[in-house]
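Before any comments, here is the structure.
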Amino acid sequence: MQVQVEKTSVLERRLTIGLPAEQVESEIDQRLRKTAPQVNMKGFRPGKVPMRVVRQRYGQGIRQEVLADLVQKSFQDAVTQENLRPTGMPAVEQVDTEGDQVEFVCTFEVYPDVELPDFSAMQIEKPECEISDADIDEMIQKLRERRPEWTPVERAAQAGDQVRVDFEGTIDGEPFQGNKGENIDFEIGSGYMLPEFESGVEGASAGEAREIEVNFPEDYPSEEVKGRTAKFTVKVTQVSEKKLPELDENFFKAWGIEGNDLEAFRAEVKSTMADEVERAVKAKVKEQVIQGLLDATELDLPASLVDAEVHRLQHANQKQGHDHGHDHHDHGEATPEMREQAERRVRTGLLMMEIVRSQELKADAGRVRAMVEKLARPYGDPEQVINYYYGDENRLAEIESAVLEEQVVEWVTGQASVTAKPASYKEFTEAAGGAS
């Protein structure tokens with residue numbers, strides 16, 4: 001096999017491979033001989049079709065198959081021989097079968113050489129958070145507020161009450177899409193309805209009807225009504241006041257605690273809060289590690305990898321639109337923001353891949369198992385979920401990839417200069433996006 005490599009750009013290579021024609025013809029002949037015993041043709045006994053007839057009937061198709069197989073195998077052998085790292089399969093430009101050599105030319109991109117930065121110069125702030133009894137009390141109060149009981153009352157509605165209404169609206173005397181509703185429940189002050197609508201029913205009692213004027217904001221999702229004023233006829237059919245559930249056996253059971261054990265419930269709440277803190281700390285440290293890597297490293301990006309990532313983002317956006325009821329049959333044009341995001345992802349992936357390679361990191365089997373068990377824990381039959389992951393190579397590979405990413409972040413953090421940053425639970429969760 002003769003191989004010639006041409007560097008056509010920083011990352012693109014043009015590879016010319018030549019194979020002896022006799023090798024190709026020999027492979028075609030062997031393939032035809034293997035095929036012949038399986039050929040059934042009218043006028044011949046099964047498996048007894050003459051080779052000249054088999055060659056005439058199947059020769060061209062088998063030649064194409066052999067050439068395709070040889071191109072693929074020779075390409076793999078050539079890049080190994082030349083110590084090249086392709087980012088994907090090549091584009092075959094031409095195949096020349098004339099003369100005593102079969103020659104083909106293909107182009108492809110290679111992974112860039114990555115020079116990792118001095119990690120000891122990287123500065124990382126690691127949040128530290130202690131969960132106090134007061135934090136637990138506040139969280140329990142939030143959990144109670146998520147499961148309110150509503151009791152009908154015979155009085156005027158006030159902020160915090162739930163009202164049930166029937167309504168019909170018009171704009172300039174004409175109806176519009178979504179202008180009617182029956183038996184609609186909402187809490188006054190919750191923001192479920194537009195503010196003017198909610199404040200308009202405050203003070204009304206069951207059976208009372210009101211005329212309410214509502215200004216739709218300029219950024220309202222519906223083109224038909226945004227920026228316009230609607231008049232609603234609203235009838236309140238029920239007013240209910242909120243009552244929070246007691247901390248008793250029934251409430252605890254919803255959180256997996258059997259019996260009337262307040263301390264066990266508090267311990268479970270604290271454990272959940274600690275898990276939340278742990279996730280947020282990891283996310284914050286990971287964000288700093290990635291940004292530190294990106295800031296400290298210059299890297300040429302293979303266009304093929306960026307284009308593939310753009311395509312994935314487009315597909316994800318399309319799926320998200322479909323899930324929200326928007327039917328798009330094409331991915332649309334990639335926006336500059338989308339391409340920038342794709343480039344960031346590819347750059348991050350290349351840097352992490354180099355750390356994995358240079359440090360010979362492998363996904364820790366114990367951590368993989370622990371992550372799978374954690375994912376399975378909320379389900380009724382955790383063992384079934386665990387078996388599901390371990391029975392599907394692709395699913396398990398996703399977990400292994402996530403664990404390996406954690407190990408990369410931990411390795412970089414171990415080389416960097418880390419400063420502890422204490423914070424209260426409230427400060428910490430607000431900075432991390434709010435408590436759950």
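The values are calculated or read from the model by the stated rules, or taken from the named source; none is laboratory data. Please read these numbers as outputs of a predicted model, since none were measured by experiment. For neighbour counting, all protein chains shown are included, and Cβ atoms are generated from backbone atoms with ideal geometry for every residue, glycine included. We work out accessible area using only protein heavy atoms, side chains counted, and drop any ligands, DNA or RNA first. Shrake-Rupley method; radii C 1.70, N 1.55, O 1.52, S 1.80 Å.
In the set (1) among the aromatic types (Phe, Trp, Tyr); (2) open to solvent by 40 Å² or more (accessible area, probe 1.4 Å); (3) modelled with pLDDT of 95 or more, Phe216 fails one condition alone, (2). Scanning the stretch 176-204 for residues that are exposed (fewer than 14 other Cβ atoms within 10 Å of the Cβ) and hydroxyl-bearing (Ser, Thr, Tyr), we see that the one that is nearest to the chain's Cα centre (by Cα) is Tyr192.
Residue under question is Glu287, and the condition is that it be open to solvent by 50 Å² or more (accessible area, probe 1.4 Å), of a type in the set (Asp, Glu), within 30 Å of Ile171 (Cα to Cα) and out of contact with any strand residue (DSSP E or B) (no Cβ under 8 Å at 6 or more places or on another chain); does it hold? Criteria not met by Glu287.
Taken together, Glu249, Glu278 contain a single residue that is closer than 19 Å to Pro148 by Cα, under 39 Å from the mean Cα position of the chain (by Cα) and open to solvent by 40 Å² or more (accessible area, probe 1.4 Å), which is Glu249.
Meeting the requirement of 2 or more residues that are of a type in the set (Asp, Glu), the strands (runs of 3 or more DSSP E) wholly within the stretch 76-185 are 91-96, 101-109, 123-130, 162-170. All conditions but one from (1) part of a loop (DSSP other than H, G, I, E, B); (2) among the hydrophobic types (A, V, I, L, M, F, W, C); (3) open to solvent by less than 30 Å² (accessible area, probe 1.4 Å) apply to Leu70; the one that does not is (1).
Restricting the stretch 353-370 to residues that are closer than 30 Å to Leu299 by Cα and not aliphatic (A, V, I, L, M) leaves a set whose member that is least open to solvent (accessible area, probe 1.4 Å) is Glu354. Across the stretch 396-413, the qualifying residues are those that are small (Gly, Ala, Ser) and open to solvent by less than 60 Å² (accessible area, probe 1.4 Å), and the one among them that is nearest to Met352 (Cα to Cα) is Ala402. Just one of (1) open to solvent by 70 Å² or more (accessible area, probe 1.4 Å); (2) over 30 Å from Ala423 (Cβ atoms); (3) free of Cβ contacts under 8 Å to residues at least 40 places away in the same chain trips up Asp300, so point out which. Only one criterion is unmet by Asp300, namely (3).
The residue that is surrounded by the most Cβ atoms within 10 Å (Cβ to Cβ), among those in the stretch 92-112 that are out of contact with any helix residue (DSSP H, G or I) (no Cβ under 9 Å at 6 or more places or on another chain) and modelled with pLDDT of 90 or more, is Val105. Set side by side, the residues Glu202, Glu168 differ, and just one is in contact (Cβ under 8 Å) with a residue 40 or more places away in the chain, out of contact with any Asp or Glu (no Cβ under 9 Å at 6 or more places or on another chain), among the charged types (D, E, K, R) and within 16 Å of Thr237 (Cβ to Cβ), which is Glu168.
Run down Val385, Val368 and say which single residue is in contact (Cβ under 8 Å) with a residue 24 or more places away in the chain and of a type in the set (A, V, I, L, M). The unique qualifying residue is Val368.
Residues in the stretch 210-246 that are closer than 26 Å to Pro148 by Cβ and among the hydroxyl-bearing types (Ser, Thr, Tyr): Thr237, Ser240. Residues that are surrounded by fewer than 14 Cβ atoms within 10 Å (Cβ to Cβ), within 28 Å of the chain's Cα centre (by Cα) and small (Gly, Ala, Ser) are absent from the stretch 226-244 altogether.
Among the residues making up the stretch 1-25, a single one is outside any strand (DSSP E or B), open to solvent by 70 Å² or more (accessible area, probe 1.4 Å) and within 19 Å of Tyr111 (Cβ to Cβ): Val10.
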